[in-house]
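Remarks on the structure that follows.
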Amino acid sequence: MWDKFEAAFITADRWKLYFGGLGVTLQISFFAGILGLLIGTVLALMKLSVRWNGKKTVFTVIANIYIDIIRGTPSVLQLMIMYFAIMANNNNKVLIAVLSFGINSGAYVAEIIRAGILAVDKGQTEAGHSLGLTRGQTMVHVVIPQAVKNVLPPIGNEFIVLLKETAIVGYVGLSDLTRIANQIASRTYEAFTPLIISAMIYFIIIKILTILLGKLERRLRQSDNR
Amino acid sequence: MIIVKNLCKKFENDIFVLKGISYHIKTGEKIVVVGPSGSGKSTFLRCLNLLERPTEGEIWFEGRQISGPGTDRKKTDIRLVRMRMGMVFQNFHLFNNLTVMDNITLAPIKTGLMNKTEASENALRLLERVGLKEKANVYPSRLSGGQKQRIAIVRSLAMNPRVMLFDEPTSALDPEMVGEVLDVMKDLAESGMTMAVVTHEMGFAREVGTKVLFMDDGNIVEENTPAEFFGNPQSARLKEFLSKVL
């Protein structure tokens, strides 16, 4: 038991490899998460834009096509298309992964944010309009601050999914936490220990994230009872 | 001040809510609109500040046409109209994420009507008038229904409107809180504000209204001074309605 652990973690400073892999995983997740949030917010606002007569705008149509395509294809394929075709001339693999996952996550985040905005009582918007505020002002000062509270739990969930989804970057040759485990296994001829070590690191990171999100959510909820 | 000509509103599901309303609200008048639910009274009020888009007819506000054929939707600045027409809703619709003070000062500041200091001073003065000065830094969730509605009225007044529209302002309140809101409205009426009030409070209609309108099925069926309206109703439909509510 100890021998296996020693071979998988300590010999030849292998623990450094795990943390290197973790670094790659976190780097991609973090930046892709931010990109996804930005894209998702823009898409959600595009989807919610309506003309004065209640008809769809061209923005809504574009956003719908984007979301359809991204949700309708596997993220591994999106990553490979990005790596082997669209950005074939670029050798910054981390950047490619960030773009690919950010674009992917944006489609899901868009629906979360849209639902969060729609969940804010329509009366809040009407009250804003009735006072002479523009649609934009009403959105920024009244609706979005209330929507943030609604979307925090599902956004946190989406980020956790994203963090685990990055485990597929091995397909384009990036050494993330998952691939490192595989590489170590091929050197020690023993798969179970390095895979379990990786799994445990993922678990701990996500556990920490969950606790932080819970704290943030509780803090935001406090304004309900002030 | 507000002239409405042949106002029609049809919703997308082909339900006609307003079937050609014509009316002239003059400066200083207090118009009270009563009628059974579904008669279109709220929609009528919501058309005046264009929260609902009329499908036909014209609306004029302070000598300018704001809706109907001949108006360019892009040129008519709805915001300017709404800045001068306050509206109070049945369910208050205070901004939940803002304190009472911020609720009141948000619009005057963001529309450029006042700077921050002016807006706060104005807000405190108005809060004092409705007896809620000590609630300035409280969030709406900590207020009773009556307090919320009084603050919603203050929030509209903070824009210095020319007209105030009230859409069933006491219908969502506990009976014991109706009085405090009506008192604020009476006070406002005495100060000379032009008001249009949709309500089920017949006492208020009789006491404060200069004209009472009875709406049924998308039309104004009867219109009269409060004394005549309640004392000598003409149409059978109004007689029936009054016999039920009085």
For this session: Give the relative contact order (percent, whole number) for chain B; include only Cα pairs under 8 Å separated by 6+ residues.
Result: 26 percent
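Size of the dipole of the protein assembly as shown about the Cα centre, Lys and Arg at +1 and Asp and Glu at -1 on the beta carbon, nothing else charged, in debye to 20?
That gives a dipole near 900 debye.
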Exercise. Using modelled amide H (1.01 Å from N, peptide plane; none on Pro or chain starts), what sits under 5 Å from the amide H of B:Lys30, excluding residues fewer than 5 places away?
Worked result: B:Met195, B:Thr210, B:Lys211
For this session: Working from Cα positions, state the angle (0 to 90°, nearest 10) between the long axis of helix A:58-71 and the longest principal axis of chain A.
Result: 20 degrees
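Express the Stokes-Einstein translational diffusion coefficient of the stretch A:2-225 in µm² s⁻¹, to the nearest whole number, given a Kirkwood radius over alpha-carbon pairs, 20 °C and a viscosity of 1.002 mPa s. It would help to have the intermediate numbers written out before the result.
On the way: Rh = 19.7 Å.
Here the translational diffusion coefficient equals 109 µm²/s.
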For this session: Using the Cα centre as the reference, give the magnitude of the dipole from point charges on the C-beta atoms of the stretch A:2-225 (Lys, Arg: +1; Asp, Glu: -1; all else neutral), rounded to the nearest 20 debye.
Result: 480 debye
Exercise. Which values, in whole Å and largest first, are the semi-axes of the equivalent ellipsoid of chain B obtained as the square root of 5 times each eigenvalue of the Cα gyration tensor?
Worked result: 29, 23, 15
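What 222 nm value per residue comes from the helices of chain B, counting each DSSP H run with n ≥ 4 as -39,500 (n - 2.57) and dividing by all residues, nearest 500 deg cm²/dmol?
On the way: 9 runs with 91 residues, N = 246.
Counting only the DSSP helices, I get -11000 deg cm²/dmol.
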Seminar exercise, completed: Answer check: the protein assembly as shown, Cα atoms, Kirkwood Rh, Rg/Rh ratio of 1.15
Exercise. What value, in deg cm²/dmol to 500, does the helix sum -39500 (n - 2.57) over DSSP H runs of n ≥ 4 give at 222 nm once divided by the residues of chain A?
Worked result: -24000 deg cm²/dmol
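Kirkwood hydrodynamic radius, computed over distinct alpha-carbon pairs, for the stretch A:125-223: how many Å, to one decimal?
Values: mean 1/r = 0.0593 Å⁻¹.
Value: 16.9 Å, from the Cα pair sum.
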Seminar exercise, completed: Taking a crude spin-label model, label points 7 Å out from Cα along the C-beta direction, the B:Thr210 to A:Ile34 distance in nm is 6.1 nm
For this session: Using the structure shown, select from A:Lys215/B:Lys148; A:Lys122/B:Lys30; B:Lys211/B:Lys239; B:Lys186/B:Lys239 the pairs with a Cα to Cα distance greater than 19 angstrom.
Result: A:Lys215/B:Lys148; A:Lys122/B:Lys30; B:Lys186/B:Lys239
Problem set entry | Signed unit charges on C-beta, dipole axis of the protein assembly as shown, positive-most listed residue A:Ala85, B:Gln147, A:Leu162 | A:Ala85
Exercise. Each residue of the stretch A:75-88 in turn: what ³J(HN,Hα) in whole Hz from Karplus with 6.51, -1.76, 1.60 and θ = phi - 60°, glycine and Pro shown as x?
Worked result: 5, 4, 5, 4, 5, 5, 4, 5, 6, 8, 10, 4, 10, 4
Exercise. Long-range amide H contacts for B:Glu56: which residues qualify at under 5 Å (H placed 1.01 Å from N, peptide plane, sequence gap of 5 or more or a different chain)?
Worked result: B:Cys8
For this session: With springs connecting C-alpha atoms under 10 Å apart, model chain A as a Gaussian network and identify which of A:Thr41, A:Thr178, A:Thr60 has the largest mean-square fluctuation.
Result: A:Thr60
Exercise. Zone of A:Ile196 (label point 7 Å along Cα→Cβ, backbone N under 18 Å): which residues in the stretch A:3-38?
Worked result: A:3-11, A:15, A:18
Problem set entry | Positive-end extreme of charge dipole, the stretch B:1-54 - chosen from B:Phe11, B:Asn49, B:Gly28 (charges on Cβ) | B:Gly28
For this session: Mind pulling the angle between the C-alpha long axis of helix A:144-165 and the longest principal axis of chain A? Nearest 10 degrees, somewhere in 0 to 90.
Result: 20 degrees
For this session: Would you mind checking which residues have amide H under 5 Å from B:Met87's amide H? H placed 1.01 Å from N; only 5 or more apart, or other chain.
Result: B:Leu165
For this session: Output the relative contact order of chain A, whole-number percent, from Cα pairs under 8 angstrom with separation of 6+ residues.
Result: 29 percent
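Average partner chain C-beta neighbours within 10 Å, per residue of B:91-101? Please list the in-between numbers first.
Working: counts 3, 2, 10, 3, 10, 9, 13, 5, 2, 0, 0.
Mean number of neighbouring Cβ atoms from other chains: 5.
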Seminar exercise, completed: Simple SL model, points at 7 angstrom along Cα→Cβ for A:Val161 and B:Asp174; separation in nm is 4.4 nm
For this session: Specify the residue with the greatest mean-square fluctuation among B:Ile78, B:Ile21, B:Ile151, computed from a Gaussian network of chain B linking alpha-carbon atoms under 10 Å apart.
Result: B:Ile78
For this session: Select from A:Arg179, A:Arg187, A:Arg71 the residue whose mean-square fluctuation is largest in a Gaussian network model of chain A (Cα-Cα springs shorter than 10 Å).
Result: A:Arg187
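Could you calculate, for the stretch A:1-95, the ratio of the Cα radius of gyration to the Kirkwood radius, expressed as Rg to Rh? Show your work: numbers first, answer last.
Working: Rg = 20.9 Å, Rh = 17.1 Å.
Looking at the stretch A:1-95, the ratio lands at 1.22.
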Exercise. Taking every residue in B:107-113, how many Cβ atoms of other protein chains lie within 10 Å of its Cβ, on average?
Worked result: 4
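Read-outs throughout are calculated quantities, based only on the coordinates presented, and are distinct from any laboratory measurement. Here the structure is a predicted model, which means the values were calculated and not measured. Neighbour counts are summed over all protein chains in view; Cβ atoms, including those assigned to glycine, are modelled from backbone coordinates with ideal geometry.
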